[in-house]
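The values are calculated or read from the model by the stated rules, or taken from the named source; none is laboratory data. Owing to the predicted nature of the structure, the values given are computational and were not obtained by experimental measurement. Quick reminder, even Gly has a Cβ in these numbers, built from the backbone with ideal geometry, and neighbours come from all protein chains shown.
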Amino acid sequence: MTCTKTYTSPENRQRGFTLVELLLVLVILALIAGLVLPGIIGKAESAKAKAASSQISRISMSVESYYLDTGNTPTSLDELVKQPPGVNGWNGPYIKNSLLKDPWGQPYIFTVPGEHGEFDIESLGADRQRGGEGKDADINSWE
């Protein structure tokens, strides 16, 4: 029995990545992420503000539908989802329960009678405090 050894030439050997090459790729990826992520995060907050404005419009239409059916304005937004006792003509639910919270997870503020109309609906924005600018700005039904 003969034993043969095979030798590979240096040209045929597979070459792996060096530590320097791997670090260089990681640095490039970190730079790209540093440039792209702030723009994406800013767009997400802007989208939440637009979603809150849209939800407030839908809730306002639901309150108006409730009024047309019952002859009264609801005393709370929960009445749009679940029929309150003693209310005649209720033909709901008028809106999904999941739409009664703003994109930041807080319930919308519903005031009857409102300072700006028959009723007011508002979200305090990302900071959950009155006032603010940008992502922290209040979103409401009267502006």
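Would you be able to tell me the number of residues in segment 80-96 that are under 16 Å from ILE56 (Cα atoms) and in contact with a Gly (Cβ under 8 Å, 6 or more places away or on another chain)? Give the derivation first.
Initial filter on segment 80-96 (under 16 Å from ILE56 (Cα atoms)): 80-81, 94-96.
In the following step, the residues that additionally are in contact with a Gly (Cβ under 8 Å, 6 or more places away or on another chain) were identified as 80-81.
Adding up the residues that qualify gives 2.
What are the residues in segment 90-112 that are part of a loop (DSSP other than H, G, I, E, B) and either among the aromatic types (Phe, Trp, Tyr) or without any contact (Cβ under 8 Å) to a residue 12 or more places away in the chain (or both), if any? First the steps, then the outcome.
Restricting attention to segment 90-112, the residues satisfying the condition of being part of a loop (DSSP other than H, G, I, E, B) are 90-96, 102-106, 108, 112.
Those that are part of a loop (DSSP other than H, G, I, E, B) and either among the aromatic types (Phe, Trp, Tyr) or without any contact (Cβ under 8 Å) to a residue 12 or more places away in the chain (or both): TRP90, TYR94, TRP104, GLY105, TYR108.
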(message) Name the single residue that is farthest from GLY132 (Cα to Cα) among those in segment 29-69 being modelled with pLDDT of 90 or more and either among the β-branched types (Val, Ile, Thr) or not in a helix (DSSP H, G or I) (or both).
(response) VAL63
(request) Scan segment 60-80 for residues that are buried (at least 18 other Cβ atoms within 10 Å of the Cβ) and over 21 Å from TRP142 (Cα atoms) and report the count. (result) 2
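Among the residues of segment 81-128, count how many are among the polar types (S, T, N, Q) and crowded, with 19+ Cβ neighbours inside 10 Å.
1
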(message) Looking at (1) surrounded by fewer than 18 Cβ atoms within 10 Å (Cβ to Cβ); (2) of a type outside the set (Val, Ile, Thr); (3) closer than 17 Å to PHE119 by Cβ, which one does ALA44 not meet, given that it meets all the others?
(response) (3)
(message) Give all pairs with beta carbons closer than 8 Å in which a residue from segment 44-58 that is closer than 19 Å to PHE110 by Cα meets a residue that is modelled with pLDDT of 85 or more and of a type in the set (A, V, I, L, M); count only pairs at least 6 apart in sequence or on separate chains.
(response) ALA49/ILE139; ALA52/ILE139; SER53/ILE139; GLN55/LEU99; ILE56/ILE121; ILE56/ILE139; ARG58/ILE95; ARG58/LEU99
(request) Note down all Cβ pairs under 6 Å where the first residue falls in segment 118-139 and is touching a residue at least 40 places away in the same chain (Cβ under 8 Å) and part of a loop (DSSP other than H, G, I, E, B), the second is surrounded by 15 or more Cβ atoms within 10 Å (Cβ to Cβ) and charged (D, E, K, R), and they're at least six residues apart or on different chains. (result) GLY125/ASP136; GLY125/ASP138; ALA126/LYS135; ALA126/ASP136
